[in-house]
Amino acid sequence: MMSRLAPYRLGVLLSGRGSNFAAIQAAIEAGEIPNTQVGVVISNHAQAGGLQLATNKGIPTVALDKQAFENRMAFDAALVDILQQHHIDLVILAGYDRIISAPLLAAYERRILNIHPSLLPAYGGKGMVGLKVHQAVLAQGERESGCSVHLVTAVVDDGPVLGQSRVAITANETPESLAAKVLMQEHQLYPQVIRQYIETVLSQEGKTDSHDKALI
Ligand code: GRF
């Protein structure tokens, strides 16, 4: 399916344990996302577990401390420099806890994906993170929840949804048990959507002159 010779390069941004990154890397190693490699893993937390996972795999890592930058735009401009130095085609947010600003959105327009642990547009937006999402879902008496992969735009959790996976909510569900169920689905969904995204983009190459015309 992938016609070009050079591998498609992912740049992963994460802030924590990195289980979604690990699932994506495992899918690449299993040949489930062909001709693709993770070129760099970047975190805003030097202690993020995901950085160690990347190091263990021999993948370059960078930790950026926001205190070293004047503002969000300067921080994101530095991110763009790093991503470009590593020849990154597609940016993968995998538990990244910062809002993305103009320099990164412009440099990677329609080439930034995020995963969110709800069925967007429900239970998304600023502040809807971690267990808060699942608490809100249960408080509302929902019968099902799930996760969504979407294109990142300037509005938090608002970009076009590229894929979703659903889970049933049981009678004695807790935010913690729901989070664990949804996370298992995330680990299946994110590699599948990345594969489909890359297939779509590469099938458009030659028909269009840039990656970002391919989707939506
Ligand atoms: C996931 O639940 C994801 O949906 C959200 O942040 C969490 C990251 O978990 N955006 P991990 O670091 O990939 O384990």
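Rule-based calculations on the coordinates, nothing more; no lab input. No experiment lies behind these values; they were computed from the predicted model shown. So basically every Cβ, Gly included, is an ideal-geometry build from the backbone, and we count neighbours across all protein chains shown.
Mind listing whichever residues of region 109-156 are part of a helix (DSSP H, G or I) and within 11 Å of the ligand (Cβ to nearest atom)? Of everything in region 109-156, those that are part of a helix (DSSP H, G or I) and within 11 Å of the ligand (Cβ to nearest atom) turn out to be 131, 133, 134.
Determine whether residue 105 is away from the ligand (no atom under 13 Å from the Cβ) and touching a Phe, Trp or Tyr at 6+ places or on another chain (Cβ under 9 Å). Considered against the rule, which asks whether it is away from the ligand (no atom under 13 Å from the Cβ) and touching a Phe, Trp or Tyr at 6+ places or on another chain (Cβ under 9 Å), residue 105 comes out as no. Does residue 38 count as β-branched (Val, Ile, Thr), within 14 Å of the chain's Cα centre (by Cα) and more than 10 Å from the ligand (Cβ to nearest atom)? For residue 38, the condition - β-branched (Val, Ile, Thr), within 14 Å of the chain's Cα centre (by Cα) and more than 10 Å from the ligand (Cβ to nearest atom) - is met.
The numbered conditions (1) over 20 Å from residue 10 (Cβ atoms); (2) surrounded by fewer than 15 Cβ atoms within 10 Å (Cβ to Cβ); (3) among the polar types (S, T, N, Q) are all true for residue 84 except (1).
Name the residue that is farthest from the ligand (Cβ to nearest atom), counting only residues in region 11-32 that are over 13 Å from the mean Cα position of the chain (by Cα) and crowded, with 17+ Cβ neighbours inside 10 Å.
First pass over region 11-32, keeping only residues over 13 Å from the mean Cα position of the chain (by Cα): 17, 26-32.
Going one step further and asking which of them are crowded, with 17+ Cβ neighbours inside 10 Å, we end up with 27-28.
Working: 27: 13, 28: 15 Å.
Within region 11-32, the match that is farthest from the ligand (Cβ to nearest atom) is 28.
Residues in region 101-114 that are touching an Asp or Glu at 6+ places or on another chain (Cβ under 7 Å) and buried (at least 21 other Cβ atoms within 10 Å of the Cβ): 104, 110, 111. Would you confirm whether any residue within region 54-68 is part of a helix (DSSP H, G or I), under 24 Å from residue 180 (Cβ atoms), touching a residue at least 24 places away in the same chain (Cβ under 8 Å) and within 16 Å of the ligand (Cβ to nearest atom)? Yes, region 54-68 has at least one match.
For region 173-183, a tally of residues being touching a residue at least 12 places away in the same chain (Cβ under 8 Å), part of a helix (DSSP H, G or I) and more than 10 Å from the ligand (Cβ to nearest atom) returns 4.
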